[in-house]
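Enquirer: One structure, pasted below without further comment.
The values are calculated or read from the model by the stated rules, or taken from the named source; none is laboratory data. Keep in mind that this is a model prediction, so the values were computed, not measured. Note that we place each Cβ from the backbone using ideal geometry, even for glycine, and neighbour counts take in every protein chain shown. Remember, those area values only see protein heavy atoms, side chains included, never the ligands or the DNA or RNA. Shrake-Rupley method; radii C 1.70, N 1.55, O 1.52, S 1.80 Å.
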Amino acid sequence: MRQVRKRNRQVRRGGIILLLGILLFSFGNPPIQGETAAQDVMERVNLAWNKQATASSEISGREAGKAVDGSRDTYWQPASTDREDMNVYIQVDLGSEQSFNQVVLDLNRGDHLGSIEIDYSRDGESWSRAYAKNGGIRADGQEVMTFDSVSASHIRVTLLLSRNLNVQLKELELYMQWRSRDSVRCNGAGLREA
């Protein structure tokens, strides 16, 4: 009888230790189903925000810096003479090397764009292509472009026009978009897309 009680105590102790271990492990690791709550609240950082911006041209009051100031009430607009070759660009100096894989553009319209090219550079002199979109530009000018991660200190967005109309870029945003295990992507507002 004494041995049975002793064994019962050992089994209870073992069960309690196992239960404590499971509880401690559970509290330290949130459940994995899609994205966890901790990942959902992780704030995305716009790497281009308030960085030095230059452009192929600009008009007074509509300088390149207006496209990275965080306000959709201001915008960059190239000069009409710059649009004659149907090619305008804006370039952002990130200040240091950054990793990124997503560019979000908020244009006044997109129906007059033929293509968008995104180039990156470590020195501002030698450029490589990260992304190109030929055709299929959204008419409302809201473009979210995700590509393989690159590291650079400069980014250049070139807009190739299909018609010689005003281009107004309200915001250029640059992110390192983390992908969950189920490849959920986020739209420009940071919301999940199916």
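Enquirer: Are any residues in segment 104-122 closer than 14 Å to LEU159 by Cβ and either among the charged types (D, E, K, R) or not in a loop (DSSP other than H, G, I, E, B) (or both), and if so, which ones?
Expert: LEU105, ASP106, LEU107, ARG109, ASP111, LEU113, GLY114, SER115, ILE116, GLU117, ILE118, ASP119
Enquirer: If you don't mind, there's one more thing I want to ask. Restricting to segment 48-62, name every residue that is of a type in the set (A, V, I, L, M, F, W, C) and surrounded by fewer than 17 Cβ atoms within 10 Å (Cβ to Cβ).
Expert: The answer is TRP49, ILE59.
Enquirer: Now a separate question. Keeping to segment 47-60, report how many residues are touching a residue at least 12 places away in the same chain (Cβ under 8 Å) and over 15 Å from SER96 (Cβ atoms).
Expert: 7
Enquirer: Separate question: Quickly run through segment 64-79 and pick out the residues that are of a type outside the set (Lys, Arg) and outside any helix (DSSP H, G or I).
Expert: Listed by number, the residues that qualify are ASP69, GLY70, SER71, ASP73, THR74, TYR75, TRP76, GLN77, PRO78, ALA79.
Enquirer: Step by step: first the residues of segment 129-144, then only those that are out of contact with any Lys or Arg (no Cβ under 9 Å at 6 or more places or on another chain) and within 13 Å of VAL157 (Cα to Cα), then the one that is least open to solvent (accessible area, probe 1.4 Å). Which residue is that?
Expert: By that ranking, first place goes to ALA130.
Enquirer: Taking into account only those residues within segment 104-128 that are among the polar types (S, T, N, Q) and open to solvent by less than 20 Å² (accessible area, probe 1.4 Å), which is modelled with the highest pLDDT?
Expert: By that ranking, first place goes to SER121.
Enquirer: Further question on the same structure: Would you tally the residues in segment 63-103 being open to solvent by 40 Å² or more (accessible area, probe 1.4 Å), farther than 17 Å from ALA152 by Cα and not β-branched (Val, Ile, Thr)?
Expert: Counting residues in segment 63-103 that are open to solvent by 40 Å² or more (accessible area, probe 1.4 Å), farther than 17 Å from ALA152 by Cα and not β-branched (Val, Ile, Thr) gives 13.
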